[in-house]
Amino acid sequence: MGHITSKDAYKNLEERINWFTQGAPPTESLYKILQVLYTEKEAKWVALLPVRPFTAKKAAKIWNTSEWKAEAFLEHLCEKALLVDSFYNGVRQFVMPPPMAGFIEFALMRTRGDIDQKYLSELYYQYMNVEEDFVKDLFFATETYLGRVYVQEPVLTSENTIHILDYERASHIIEDADYIGLGTCYCRHKMLHAGHPCEINAPLDVCLTLGNVARSLAENGQHARLIDKKEAMDVLERSYSANLVQIGENVREAPAFICNCCGCCCEALQAARKFSPMQPVATTNYIPKISEQCIGCGKCAKVCPVLAISIQKSKEGKAIAQVDEEVCLGCGVCVQSCPKNAIELVRREVQVITPVNSTHRFVLQAIEKGTLQNLIFDNQAFANHRAMAAVLGVILKLPPLNQVMASKQFKSIYLDKLLSNKSTKRS
């Protein structure tokens, strides 16, 4: 590998990153970011790794080195939060996280001295807040969203509380998690270093990671601190008090994160403001309803993280709050700000559909983006049978139109045969 130049190493890494359904458009800013996060050797070696989870033995074969040297290097990458590890049937596996929510955030989830976090934050700001390609690709390239909003449970009426589903409640997600990690809010940390501190002075220590991601980040490099469910609920309460919006992975089962977001720093909420009325995240199944008790004080408009509320004059000349339902997230931040209890959350007429799990979301996004083959094939070689089965299992449960799209992208006789057999059984 000595013939690969430094420029080639980072170019190859960029291409490897863009093998994901979620990618990172190449710009000069991106290459500078990668140079901060990865040494040249790390860039060369990571660029060769599979997309799907792999073992140290597999990496050793790819790198043409011994297994113990490969595992030591993989552990080093985990300590830098450039890889995440997991255990399946007692066997340790590794995987490269996507850019977001992934290695971009992980670099700023704790204070560290091995990289220049101020310089990195300034690069992040340029890449995501000045340049637009990454944010547009992240939030608007597919109909299936990366993230979704959780409703703030304390503001729900007793009637709505009865009808709320478990996966709509951040408290249930916390209660159901095997591991919970607490870290620094990447968004506010970045904006602070970039010279744009949070406008509402929201707390920094409210970033929650869940499940295996939390365990890996805590055990490798202490990018998060493992906490119990009680402390996690305290984090939610502090976030509610600070008028923060809860955004988690857009799945029903085992989401990997819950962010507590402010409108001035969060990339998703900034995108909602900048590209309104386009939605960058899935909304809740709720919408605020303004009653006649509204006095038009404007407090709800002031706290709305996506500027979805304005104060208008009624026909009678009375000032009253008005909600733009195309923009509104349904988070409930506005409800607790109202001094007259004039705002109530009600169920939306059309319910929001949430993917079952991460594999379901990946497949839907890959179909919509035309990159399904990247989930099935990995550097022109078949992924392991378990990964293949998971992807195909999701495809077979999709509506017929999506199955046709998947089949065209996959161009697989095997998949066509499966879909054909399924159609025959239906008829």
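The values are calculated or read from the model by the stated rules, or taken from the named source; none is laboratory data. Bear in mind that the values here come from a model prediction, so they are computed numbers and not experimental data. Cβ coordinates were reconstructed from backbone atoms using ideal geometry, including for glycine residues, and neighbour counts include every protein chain displayed. In case anyone asks, the SASA skips ligands and DNA or RNA and just uses the protein heavy atoms, side chains included. Shrake-Rupley method; radii C 1.70, N 1.55, O 1.52, S 1.80 Å.
Annotations for the structure displayed:
- Cross-chain or 6+ apart pairs with Cβ under 6 Å, segment 52-80 first and under 11 Å from Phe94 (Cβ atoms), then among the polar types (S, T, N, Q): Pro53/Gln93; Thr55/Gln93; Cys78/Asn220
- Boolean, Tyr145 is more than 28 Å from Ile367 (Cα to Cα), surrounded by 15 or more Cβ atoms within 10 Å (Cβ to Cβ) and in contact with a strand residue (DSSP E or B) (Cβ under 7 Å, 6 or more places away or on another chain): no
- Boolean, Leu120 is open to solvent by less than 60 Å² (accessible area, probe 1.4 Å) and either of a type in the set (D, E, K, R) or not assigned by the TED database to the domain that holds Pro339 (or both): yes
- Residue match in segment 188-202 (condition: in contact with a helix residue (DSSP H, G or I) (Cβ under 7 Å, 6 or more places away or on another chain) and under 19 Å from Gln152 (Cα atoms)): yes
- Answer residue from segment 265-297, given it is more than 14 Å from the chain's Cα centre (by Cα) and charged (D, E, K, R) and is least open to solvent (accessible area, probe 1.4 Å) among those: Arg273
- All positions within segment 371-390 that are modelled with pLDDT under 75 and either in contact with a Lys or Arg (Cβ under 6 Å, 6 or more places away or on another chain) or assigned to a helix (DSSP H, G or I) (or both): Gln373, Asn374, Leu375, Ile376, Asp378, Ala383, His385, Arg386, Ala387, Met388, Ala389, Ala390
- The residues of segment 75-99 that are open to solvent by less than 10 Å² (accessible area, probe 1.4 Å) and out of contact with any helix residue (DSSP H, G or I) (no Cβ under 6 Å at 6 or more places or on another chain), listed by number, are Leu77, Cys78, Met96, Pro99.
- Residues in segment 165-202 that are open to solvent by 20 Å² or more (accessible area, probe 1.4 Å), in a loop (DSSP other than H, G, I, E, B) and either in contact with a strand residue (DSSP E or B) (Cβ under 9 Å, 6 or more places away or on another chain) or closer than 19 Å to Ala242 by Cβ (or both): Arg169, Asp178, Tyr179, Thr184, His196, Pro197, Cys198, Glu199, Ile200, Asn201.
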